[in-house]
Amino acid sequence: MSPSFGRVGVVALRVIRQLKRDRRTIGLIVFAPIVLMILFGYALSGDMSGVALGLVDDGGHAALRAHIESIKDFNILYMGSESDAEKLITEGQLDGAVLLRPGQVQVLLDASSLQISGAIAAAVQAAASKEKALLQKAQESPIITRYIFGYDLEMMDTVGPAILGLVVFFFTFINAAIAFIRERSQGTLEKFMVSPLSRVEMISGYVLGFSLFTILQSATTLFVVTFGFGVPLQGSPLTALAVVLLLGAGALVLGSFFSNFARSEFQVVQFIPLIITPQIVLCGIWWPLQSVPEFIRPFSYILPLTYAAHALRAVMLKGAGIGDILYPDLLALGIFFLVFFAAATLMLKREVA
């Protein structure tokens, strides 16, 4: 049976009329691509800056030191010894260090971020070449590279921990938001509202219930990342799960909060470009925070995946324990959870009461 273009047109007009009445969808269609392209454009084209580099100068390389000091991408911390530099790299306060000694240059690197360690190594190599040209030396000063962490890491090893956090955050957010939409459409929330349960108890109950599924999801994803893709797990699996569960709890209350602004599952899906994609771009998952332009970098520090990615890399690649990542990563994730738990509770009162 051949299609009737008249009947097809009737269906098309109905879809257009529905979209015209849905201002949220029109806004997302028009403005979301603009916002996302701006974010991707700046994040991908921005130069790396704010790299914390230690410098120990025992003499003999004035030209090389001057070249390194002239690189605006480096925030240089002058140090007195190799042990001081290694200690700060271990604590995560330095991205690397350069030790200048007569007749030798030594580079200490943290390869948990291949982009940053590569930038430091390339800068030192360029500085050595420039020193050779200026002083008309027969050969460059020998450069000895020592990795404090991750001498044998590959790209998947460095992004795997962050992807673990992203996967759990994404699915937990979507599932929580859709679940709350269904509870509203089925009238379950109204029934709870007339029960003795307080709104705090209601949100807490949903968080606790979803947390059981988040534990299963987190354990499964961690297993796939470590055994399926060979990402190292130097620290305790329980510590890594604790980070992911705290991130998942934040995603749960965030999903319950944003469910107040949607009337259907379709509208929940529309939040993905605005909630999930900026975190992929700005949270140091695929490229380091140092490559995010400085004028939008402050937004990175209000997003939970920034802290979860940093904490998971510390646990999985460096063997950090709870005490090592308690501040600021776990503290920031805890604050994020409490803020949106309160916001979800207040929005529940306004929407359902």
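Where a number appears in this text, it was derived from the coordinates with a stated rule and is not lab data. Source: prediction; values computed, not measured. Every residue, glycine among them, receives a Cβ derived from its backbone with ideal geometry; neighbour counts consider all protein chains shown.
Data for the structure
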item	result
Binned Cα-Cα distance frequencies in the chain - 10 Å width, integer %	5, 20, 25, 21, 14, 8, 4, 2, 0
Axial C-alpha extent at least 27 Å, average Kyte-Doolittle at least -1.0 - helices from the chain (DSSP)	23-45, 114-135, 155-185, 199-223, 237-258, 331-352
At R0 = 35 Å, FRET efficiency that the Cβ-Cβ distance of I302 and L238 yields, to 0.05	0.80
Cα Rg over Rh - region 155-352, Kirkwood	0.99
Length added when fully stretched, I335-I34, from 0.36 nm per residue minus Cα-Cα	105.3 nm
Ranking of H67, H61 by count of other Cβ atoms within 10 Å, fewest first	H67, H61
Segment I272-L208, length gained on full extension (0.36 nm per residue, minus Cα span)	20.7 nm
FRET efficiency for E201 and R263, using Cβ-Cβ distance with R0 set to 45 Å, rounded to 0.05	0.95
Mean Cβ neighbour count within 10 Å, used as a protection proxy, ranking 201-208, 283-290, 244-251 highest first	244-251, 283-290, 201-208
Helix-only [θ]222 nm of the chain, DSSP H runs n ≥ 4, -39500 (n - 2.57) each, per residue, nearest 500	-20500 deg cm²/dmol
Rg over Rh, two decimals, region 51-149 (C-alpha only, Kirkwood Rh)	0.94
